[in-house]
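What follows is a short report on a single structure.
The values are calculated or read from the model by the stated rules, or taken from the named source; none is laboratory data. Predicted model, so just to flag it, every value in this text is computed and none were measured. Positions of Cβ are backbone-derived with ideal geometry, glycine not excepted, and every protein chain shown enters the neighbour counts. To get the accessible areas, we keep the full protein, side chains included, count just its heavy atoms, and leave off ligands, DNA and RNA. Shrake-Rupley method; radii C 1.70, N 1.55, O 1.52, S 1.80 Å.
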Amino acid sequence: MPDRDFRDDPSPRIRPGAGPEPDQTDGTDESDAERRRRRARFLRDLAEARELRDRVQPRRAKTARLRHAMRMRTFRW
């Protein structure tokens, strides 16, 4: 079938040299700053996803909160 021709390609998204260009900075400070920005963005997105999950699954969120509270009460320092 002609519409299945694309399946012969191993992966149309993965092509040599098609990825993002390597960082062209001359110092490690800029790459560290970029890494921290990406990490901060990831952590914000993760927190947003958790909040969304808690809103759409309130029973599961409540159970998770109670389970976490129980773990913290029984934790020995």
Q: May I ask you to list pairs of residues, at least six apart or on different chains, whose Cβ atoms are under 8 Å apart, with the first in the range 35-51 being within 19 Å of ALA61 (Cβ to Cβ) and touching a residue at least 24 places away in the same chain (Cβ under 8 Å) and the second being in a helix (DSSP H, G or I) and open to solvent by 100 Å² or more (accessible area, probe 1.4 Å)?
A: none
Q: Looking only at the range 19-29, decide whether some residue is in a helix (DSSP H, G or I), exposed (fewer than 10 other Cβ atoms within 10 Å of the Cβ) and modelled with pLDDT of 75 or more.
A: no
Q.
With the structure loaded, tell me whether ASP5 is open to solvent by less than 100 Å² (accessible area, probe 1.4 Å) and at pLDDT below 90 or whether it fails that test.
A. yes
